[in-house]
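First up is the structure itself, then whatever we jot down about it.
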Amino acid sequence: MGTLSAAERRTGSSWWNPDTWHLRTKLLLATMFLLVGVCTVVGALLYAFMEGQLTRQLDAQLAQASRRAAEFGAPPGLTGKRPDPLEARGQGAGTLNARLSGGSVEVSGVLTAEGKRIPLRPSDTAVLARLPVAEEVAAQGRGADGLEAVNRSLSTGDYRLVAVETSYGDVVVTGLPLSQKQATLGALVVTTGLVSAAGLVLAGLLGGWIIRRTMAPLEQLSAVAGQVARLRLDSGEVALAVRVPASAAHPTTEVGQVGQALNRMLDNVAGALQARQASETKVRQFVADASHELRTPLTAIRGYTDMLRLTEPLTAQGSESLGRVESQSLRMSRLVEDLLLLARLDEGQPLTLGAVDLTQLLVETVTDQKVIAPDHVWRLELPDEPIDVRADGAKLHQVLVNLLSNARKHTPAGTTVTAAVARSGRGDAVITVTDDGPGIPPELQERAFARFARADMARSGHEGSTGLGLAIVQAIVEAHGGTVELMSRPGRTEFAVRLPA
């Protein structure tokens with residue numbers, strides 16, 4: 001057995017690991033193992049019973065043949081050569097007989113089906129001479145239980161043999177072939193094996209079909225759970241209409257009870273999602289309305305500050321205070337505009353799509369940043385051919401402004417900021433903004449695109465930050481069907497915007 005690869009451990013698909021098997025596979029294998037065990041035990045018991053039964057029958061026949069051979073001899077006092085035990089009446093084909101006198105074999109042979117006698121080889125007679133002698137059958141009148149029969153392999157085949165001492169002193173050996181018994185047992189083994197194999201195949205097919213039908217409701221539960229698991233439930237309107245079908249939610253079965261519980265849980269989740277969506281909608285509407293309403297008073301504040309600066313004589317302290325009011329109103333206006341933009345994007349406001357030359361857009365945006373931050377090193381990496389996409393030009397311009405401003409605000413003077421655009425292998429347009437500044441802390445990278453996510457540097461920066469810039473970038477890019485990624489370490493921070501072809 002080999003070790004599991006890393007891919008197998010991740011996916012959990014390995015025949016070597018039973019924990020990863022399907023439940024129906026485990027049930028089918030367990031059933032097959034039990035059936036194999038039952039067939040093995042039944043076959044072994046049947047074989048043992050049949051072997052014992054055939055041995056008892058053979059011993060009974062052997063006892064009769066031995067009695068006939070022992071009784072077929074010269075009466076006491078008769079001199080001369082004694083007759084061959086094979087010549088006794090009733091001896092069947094295949095019967096083996098031998099007569100031993102004084103420890104030596106005088107006559108031996110096997111009776112053929114034609115009634116002929118085949119003599120035994122010397123090696124066979126040597127085996128017969130070493131047999132244990134049983135009690136005399138004819139004189140004692142004992143049956144088969146009085147025999148001490150043994151199995152021996154001779155040149156003519158396997159035999160069951162018994163040697164008895166006659167009343168006139170000779171030892172008569174009688175044997176019957178084991179071929180018929182062995183053939184019967186062999187046929188029993190083959191028959192049992194074939195029947196068991198056929199039964200196992202049929203049981204496997206039928207059992208697999210039954211298990212598959214029985215497990216179908218559980219697979220439906222798994223399919224429903226998988227569909228729900230693939231849904232994004234964190235934000236937006238979620239249509240949680242999938243439910244376990246009634247056939248898999250019957251309350252009288254264990255699986256049906258689980259299906260009912262899952263349906264009730266999905267109903268509760270759907271209700272919670274609807275409540276969350278309604279709450280988010282109210283918050284978005286409130287933010288949009290509030291932002292819209294705040295634009296007018298903020299514009300009025302800036303107008304009055306300009307009028308005061310132009311029409312009223314102010315002291316140095318008054319001018320400074322008025323400047324603070326003006327800067328804070330401008331900052332408040334930017335925050336309101338950002339909140340209003342996010343609210344409109346959340347509501348799914350349609351984009352104004354058109355052909356946008358990303359190369360030209362990037363050149364213009366970087367040029368503006370050079371004027372704003374001459375203390376930074378600005379570089380462009382552009383392709384030989386223009387890259388056009390179908391997008392909202394104003395929104396993409398804001399994406400580039402936010403990314404470049406983010407690099408400018410959070411890096412020290414002398415930092416090199418590189419803006420590039422290129423085509424990926426799949427044809428997507430990829431815009432990257434890279435700087436060699438100190439990088440973004442790992443704990444901030446996880447929430448960099450969250451709303452109002454600000455680093456300490458941004459909170460204390462001279463320009464200030466609302467913490468909405470990257471959130472706006474992500475919202476605009478996702479509205480175009482694209483993605484934005486962040487990779488940062490000390491000395492290199494890169495934002496990559498990928499727009500579909």
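The values are calculated or read from the model by the stated rules, or taken from the named source; none is laboratory data. Note that the structure is a prediction, hence the values are computed from the model and not measured. Virtual Cβ from ideal backbone geometry, glycine too; neighbours counted across all protein chains shown.
Tabulated results
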| item | result |
| --- | --- |
| Subset of segment 256-273 [under 17 Å from Ala223 (Cβ atoms) and either of a type outside the set (Val, Ile, Thr) or in contact with a His (Cβ under 8 Å, 6 or more places away or on another chain) (or both)] | Gly256, Gly259, Gln260, Ala261, Leu262, Asn263, Met265, Leu266 |
| Residue in segment 247-256 that is modelled with the lowest pLDDT, counting only those that are farther than 15 Å from Ala225 by Cβ and part of a helix (DSSP H, G or I) | Ser247 |
| Residue that is part of a helix (DSSP H, G or I), free of Cβ contacts under 8 Å to residues at least 12 places away in the same chain and of a type in the set (A, V, I, L, M, F, W, C), where the choices are Val38, Val127 | Val38 |
| Unmet requirement for Thr432, which otherwise passes all of (1) modelled with pLDDT of 90 or more; (2) more than 39 Å from the chain's Cα centre (by Cα) | (2) |
| Residues within segment 11-61 that are surrounded by 15 or more Cβ atoms within 10 Å (Cβ to Cβ) and under 30 Å from Thr214 (Cβ atoms), tallied | 11 |
| Scan of segment 70-106 for residues that are modelled with pLDDT under 85, outside any loop (DSSP other than H, G, I, E, B) and within 17 Å of Ala163 (Cα to Cα), ordered by number | Ala70, Glu71, Pro85, Leu86, Ser101, Ser104, Val105, Glu106 |
| Segment 435-475 - residue that is closer than 19 Å to Ser488 by Cβ and basic (Lys, Arg) and, of those, modelled with the lowest pLDDT | Arg459 |
| Candidate set from segment 406-428 (those that are buried (at least 17 other Cβ atoms within 10 Å of the Cβ) and at pLDDT 90 or above); member that is nearest to Gly482 (Cα to Cα) | Val421 |
| Positions within segment 107-132 being modelled with pLDDT of 80 or more and exposed (fewer than 14 other Cβ atoms within 10 Å of the Cβ), in sequence order | Thr112, Ala113, Glu114, Lys116, Ile118, Pro119, Arg121, Pro122, Ser123, Ala126, Arg130, Pro132 |
| Residue that is nearest to Val38 (Cα to Cα) [pool: residues in segment 157-201 that are surrounded by fewer than 16 Cβ atoms within 10 Å (Cβ to Cβ) and of a type in the set (S, T, N, Q)] | Thr191 |
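So that you can scan it fast, the table gives a plain yes or no per residue for (1) surrounded by 12 or more Cβ atoms within 10 Å (Cβ to Cβ); (2) within 25 Å of the chain's Cα centre (by Cα); (3) modelled with pLDDT under 75:
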residue: Gly204; (1), (2), (3): yes, yes, no
residue: Trp209; (1), (2), (3): no, yes, no
residue: Arg212; (1), (2), (3): yes, yes, no
residue: Ala229; (1), (2), (3): no, yes, no
residue: Ser235; (1), (2), (3): no, no, yes
residue: Gln260; (1), (2), (3): yes, no, no
residue: Gly271; (1), (2), (3): no, no, no
